[in-house]
There are 2 protein chains.
Amino acid sequence: MPTSQPIPTLDDVARSAGVSTATVSRCLNTPGQVAKPTMERVMKAVEVLGYTPNFGARSMASKRTHTIGAIIPTMENAIFARGLQAFQEELHKLGYTLLVSSTGYRPEVEEEQVRALVSRGADALLLIGFDRSPETYAYLGKRNVPALVSWAYAPDHSLPSIGFDNRTSMQELAQHVISLGHRDIAVITAVLRGNDRAALRLAGIRDAMEQSGHAFGDLRVIETPYGISHGERALDQLMDGGNRPTVIMCGNDVLAAGALKRAKERGLGVPKDLSITGFDDIELARIVTPALTTVHVPHREMGRKAAQELVSILEKRGAGHSVALETKLMIRDSLSLPSR
Amino acid sequence: MPTSQPIPTLDDVARSAGVSTATVSRCLNTPGQVAKPTMERVMKAVEVLGYTPNFGARSMASKRTHTIGAIIPTMENAIFARGLQAFQEELHKLGYTLLVSSTGYRPEVEEEQVRALVSRGADALLLIGFDRSPETYAYLGKRNVPALVSWAYAPDHSLPSIGFDNRTSMQELAQHVISLGHRDIAVITAVLRGNDRAALRLAGIRDAMEQSGHAFGDLRVIETPYGISHGERALDQLMDGGNRPTVIMCGNDVLAAGALKRAKERGLGVPKDLSITGFDDIELARIVTPALTTVHVPHREMGRKAAQELVSILEKRGAGHSVALETKLMIRDSLSLPSR
DNA sequence: TTGTAGGCGTTATCAG
DNA sequence: CTGATAACGCCTACAA
């Protein structure tokens, strides 16, 4: 039975090393200003007592926490998991800690989460996309919390962003689809409310259609939550109705994978009878058969850059500037000429 | 240009509402003990000033942070992402916040992370598996930090665990494989160092072989990092050598998906020429063609239960008890009788 | 180079 | 039901 030791404090270390608390604090924070022998005595005491500084006290006294908060829709989405992992690794390198919180794609809880992270002392925040309540923006401004938007790019916005242009990226893919001859297009998109990335991708498809000058059947759009099974169901809805599309463009790879799976189960040849496209280029896209034609997004790079920018805003006290990352069309096998 | 307002404190709220700080604190923490009109005045002031309590100060005064830390190998692994998401959702329901940290599968950094989380005031910790340095265990004991192990189950260990028996789960799958007639088995496993889950799964395969009483070719084992591409490479190694296996059992679905992909590229029919099995049953397993025969692990339930147990340990001040979760064999299409 | 002492924003105890 | 007031553990001038 381990004895529940009292947690050692700076004071305990000071006493044990025979110095003042100020000296111990200096050993830990500004090692340069301490004489070597003193330093050694102190570090020894730290070691022996198993001392770890109390974060709350430290942040209260110094007004800085070296903590950065991130609010994402869900970690279960591979793109966020991957970006966040890179974000946290980079943060760690830079001496910061990550505090995560997820909304579960419920935009209405974001403000509460922002407040929670700020109250926990987050020095700055990483947010996904621009679509959020005015109250949240107001709070951020009022508290003067540095914040950076990712997974989106809009240089003229009040918040700096590090990401990519969802609209033109999807537009490029749509142009390619159209150039192949597709005129009956359907879309499976993530839920649009509170999700500007999804909305912009859909807009990109419409842009491409308009600009092509061709005539199209009406664009059927199914809006559905994130998840393979939702992609499967959406495909059924699309194919059970009359006038079937020759191509289904999906808002992300997961929906596309679901649609693809279901299409095959229904005996449809992909891409022979039906073409399907994705977005994101997660590993899943390479693994399914046929491999998904999709848009590659540099999630890891985005996470890394976001961390660097946030820290630079914090330490250089600058305003932060936006960075556009390149996406890339990944031509694979799930898209071909239309079957009819 | 937003004016950078000074951050309001309890004091500001108190002054603005014409009450003492104690009353404001009570309004926020024990609303029952405050008169209605007072309450309203205070909440109004809170609203107007945009007050958010300072976490550091609060935790310092109350000795409790309502924060639980989790240290996982990486969020990029879907099983952890999923479990963690459920963990955080449940925690949120129970009024707690999650602090995450990842080791990137480098066991040597875990102790530092434990200290970091504890110093940040984590009331308790969630850890993955049992394989860690004695120093880490010692620190946990010394500081008396409640900790719970997940993704593993060992009721007789010093730390309570909520998870499943990796060894017998894999053993069951191996028994099934053997019962089908396979005698040339190869294994692709995650790196074993610091990963008892992987080691136990491998042991489970050996158990099944021994207990079957059959004679086997020697068990070739490839140890490789996490990732689809590593699964692909491992398959090449296995199939480029002489005496090819009739089945490859993989330590997780991601490695299996990589192996499967590569096998198909090499023109091998799966399962006709080669059977492949996975472990975890992530969505990927259902999506690939042929669908993976694997072992289903209730990741979400594990995360949820872990959160509940941890909070119960904290609030009932009990020792915590271990819970074994059931895994389930998922018979799908990537495994069949051996081809020879 | 080292020590002293005040203050950071809350909560909790104890009176009223 | 409400108000003083003493911690909580650390940092940082300022002094020595």
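The values are calculated or read from the model by the stated rules, or taken from the named source; none is laboratory data. Not measured: the values here are computed from a predicted model. Heads up, the Cβs are rebuilt from the backbone with ideal geometry, glycines too, and the neighbour counts pull from every protein chain shown.
A few remarks follow.
- Residues satisfying the stated conditions in segment B:109-133, i.e. within 24 Å of B:Ala61 (Cα to Cα) and either of a type in the set (Asp, Glu) or away from chain A (no Cβ under 12 Å) (or both): B:Asp123, B:Ala124, B:Leu125
- Qualifying residue in segment A:90-104 (condition: more than 14 Å from DNA strand D (Cβ to nearest atom), closer than 30 Å to A:Val254 by Cα and aromatic (Phe, Trp, Tyr)): no
- Among the residues making up segment B:281-303, those that are hydrophobic (A, V, I, L, M, F, W, C) and either touching a Lys or Arg at 6+ places or on another chain (Cβ under 9 Å) or more than 10 Å from chain A (Cβ to nearest Cβ) (or both) are B:Ile282, B:Ala285, B:Ile287, B:Val288, B:Ala291, B:Leu292, B:Val295, B:Val297, B:Met302.
Yes/no per residue for (1) farther than 28 Å from A:Arg106 by Cβ; (2) within 16 Å of DNA strand D (Cβ to nearest atom); (3) assigned to a loop (DSSP other than H, G, I, E, B); (4) of a type outside the set (Asp, Glu):
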| position | (1), (2), (3), (4) |
| --- | --- |
| A:Pro37 | yes, no, no, yes |
| A:Val42 | yes, yes, no, yes |
| A:Val46 | yes, yes, no, yes |
| A:Ser59 | yes, yes, no, yes |
| A:Thr74 | no, no, yes, yes |
| A:Phe80 | no, no, no, yes |
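- Under the condition of being touching a residue at least 12 places away in the same chain (Cβ under 8 Å) and within 9 Å of DNA strand C (Cβ to nearest atom), the residues counted in segment A:33-50 number 4.
Quick grid of which residues meet (1) within 10 Å of chain B (Cβ to nearest Cβ); (2) buried (at least 23 other Cβ atoms within 10 Å of the Cβ); (3) of a type in the set (Gly, Ala, Ser):
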position	(1), (2), (3)
A:Val46	no, no, no
A:Leu49	yes, no, no
A:Thr52	yes, no, no
A:Ala57	yes, no, yes
A:Lys63	yes, no, no
A:Thr67	yes, no, no
A:Thr74	yes, no, no
A:Phe80	yes, yes, no
A:Gly83	yes, yes, yes
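- Screening A:Ser336 against (1) modelled with pLDDT of 95 or more; (2) under 18 Å from A:Trp151 (Cβ atoms); (3) surrounded by fewer than 21 Cβ atoms within 10 Å (Cβ to Cβ) leaves a single unmet condition, (2).
- As a summary of the residue check, A:Gly32 satisfies the conditions (1) of a type in the set (Gly, Ala, Ser); (2) in a helix (DSSP H, G or I); (3) at the interface with chain B (Cβ under 10 Å from one of its Cβ atoms) except for the one numbered (3).
- Subset tally (residues that are near DNA strand C (Cβ under 8 Å from one of its atoms) and hydrophobic (A, V, I, L, M, F, W, C)) for segment A:51-75: 3
- Residue satisfying condition, being at pLDDT 95 or above, crowded, with 19+ Cβ neighbours inside 10 Å and away from every other protein chain (no Cβ under 14 Å), within set A:Gly258, A:Gly231, A:Gly278, A:Gly251: A:Gly251
- Any hit, segment B:262-273, residues being buried (at least 18 other Cβ atoms within 10 Å of the Cβ), of a type in the set (Lys, Arg) and farther than 25 Å from B:Arg183 by Cβ: no
- Test for B:Ala22: is it more than 14 Å from chain A (Cβ to nearest Cβ), near DNA strand C (Cβ under 8 Å from one of its atoms) and outside any loop (DSSP other than H, G, I, E, B): yes
- Within segment A:233-254, being over 22 Å from B:Leu284 (Cβ atoms) and not in a strand (DSSP E or B) holds for A:Gln237, A:Leu238, A:Met239, A:Asp240, A:Gly241, A:Gly242, A:Asn243, A:Arg244, A:Pro245, A:Thr246.
- Out of B:Val311, B:Val270, B:Val254, B:Val295, sole residue that is hydrophobic (A, V, I, L, M, F, W, C) and under 30 Å from B:Thr65 (Cα atoms): B:Val311
- Residue check for A:Gly95: closer than 15 Å to B:Leu98 by Cβ, surrounded by fewer than 18 Cβ atoms within 10 Å (Cβ to Cβ) and in the same structural domain as A:Glu135 (by TED's automatic domain parsing): no
- Residue in segment A:302-317 that is crowded, with 18+ Cβ neighbours inside 10 Å and in a loop (DSSP other than H, G, I, E, B) present: no
- Scanning segment B:85-108 for residues that are assigned to a helix (DSSP H, G or I) and facing another protein chain (nearest Cβ under 9 Å), we see that the one that is modelled with the highest pLDDT is B:Ala86.
- Candidate set from segment B:125-139 (those that are surrounded by fewer than 22 Cβ atoms within 10 Å (Cβ to Cβ) and hydrophobic (A, V, I, L, M, F, W, C)); member that is modelled with the highest pLDDT: B:Phe130
- Any hit, segment B:254-271, residues being in contact with a Phe, Trp or Tyr (Cβ under 7 Å, 6 or more places away or on another chain) and touching a residue at least 60 places away in the same chain (Cβ under 8 Å): yes
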